[in-house]
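> Before anything else, here's the structure in question.
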Amino acid sequence: MSAGKVLVADDEPYIVRSLAFVLQREGFQVETASNGEEALAKVREFQPQAVILDLIMPKMTGMEVAHAIVNDPVLRGNLPYIVILTARGDDTERYKGYLEGADEYLTKPFSPSDIVTKIKEYFMGRE
């Protein structure tokens, strides 16, 4: 049985592969995206319960994607848990992330296992 659906969106292939690997190993069904537009399209199509977004991606930033998700009338009743990943850890950027709809704001470098723990905690809280 699948633990849930997670979308990983980052323009760095290594990060996408490593996160997808550890999440799949934990039983999550994982889709990936390499830019913001693709991420938004996959959120609408795949309907994940959790989305991991890199802050700086081509075509749309992670914050723009988070904003679009939160303000999408189709998704409004079933919003995913949104995690933004970034190298920018200052309080102003973190605050902006939460304003745009992020539930978590994690800075790089990060441990994939830390992200898996956050995702698992979120899913356990939904039960």
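Values in this text are rule-based calculations from the coordinates and carry no lab data. What you are looking at is a predicted structure, and each value in this text was computed from that prediction instead of being measured. Here Cβ is always computed from backbone atoms with ideal geometry, including for glycine, and neighbour counts include all displayed protein chains.
> Can you list the HN-Hα couplings for the range 102-110, worked out from phi with the Karplus curve (6.51, -1.76, 1.60; θ = phi - 60°), rounded to whole Hz and with x for Gly and Pro?
Computed from phi, the couplings for the range 102-110 are 5, 8, 9, 9, 10, 9, 8, x, 9 Hz.
> Another one. Applying the Karplus parametrisation 6.51 cos²θ - 1.76 cosθ + 1.60 with θ = phi - 60° to the phi angles of the range 18-34, what ³J(HN,Hα) value in whole Hz is obtained for each residue in order, glycine and proline being reported as x?
Using θ = phi - 60°, the values come out as 5, 5, 4, 4, 5, 5, 5, 4, 8, x, 7, 8, 10, 10, 10, 9, 10 Hz.
> Which far-off residues, 5 or more places away or on another chain, put their amide H under 5 Å from the one on I56, with H placed in the peptide plane?
Distant-sequence amide H within range of I56: G62.
> May I ask you to derive the FRET efficiency for D90 and Q29 from their Cβ-Cβ distance with R0 = 41 Å, giving the value to the nearest 0.05?
Efficiency, rounded to the nearest 0.05: 0.75.
> Give the long-range amide H neighbours of V51: residues separated by 5 or more places, or on another chain, with amide H under 5 Å away, using H modelled in the peptide plane at 1.01 Å from N.
Excluding prolines and chain starts, which carry no amide H, the hits are L7, Y81, I82, V83.
> Here's another thing I want to ask about it. Using the Karplus equation 6.51 cos²θ - 1.76 cosθ + 1.60 (θ = phi - 60°), what ³J(HN,Hα) coupling, rounded to whole Hz, does each residue of the range 90-96 give in order, writing x for Gly and Pro?
5, 4, 5, 5, 4, 4, 4
> Also, I was wondering about something else. Any idea how far apart E12 and E45 come out in nm if each label point goes 7 Å out from Cα toward Cβ?
With each label point 7 Å from Cα toward Cβ, the separation is 2.6 nm.
> Okay, moving on. 7 Å from Cα along Cα→Cβ at both R76 and S113: what's the point-to-point distance in nm?
If labels sit at R76 and S113, their model points lie 4.2 nm apart.
> Can you find, among L75, N35, F110, the residue farthest towards the positive end of the dipole of the range 5-112? Put +1 on the C-beta of Lys and Arg, -1 on that of Asp and Glu.
L75
> To continue, here is another question. What dipole magnitude, in Debye to the nearest 20, does the chain give about its Cα centre under +1 on Lys/Arg Cβ and -1 on Asp/Glu Cβ?
That gives the chain a dipole magnitude of about 260 debye.
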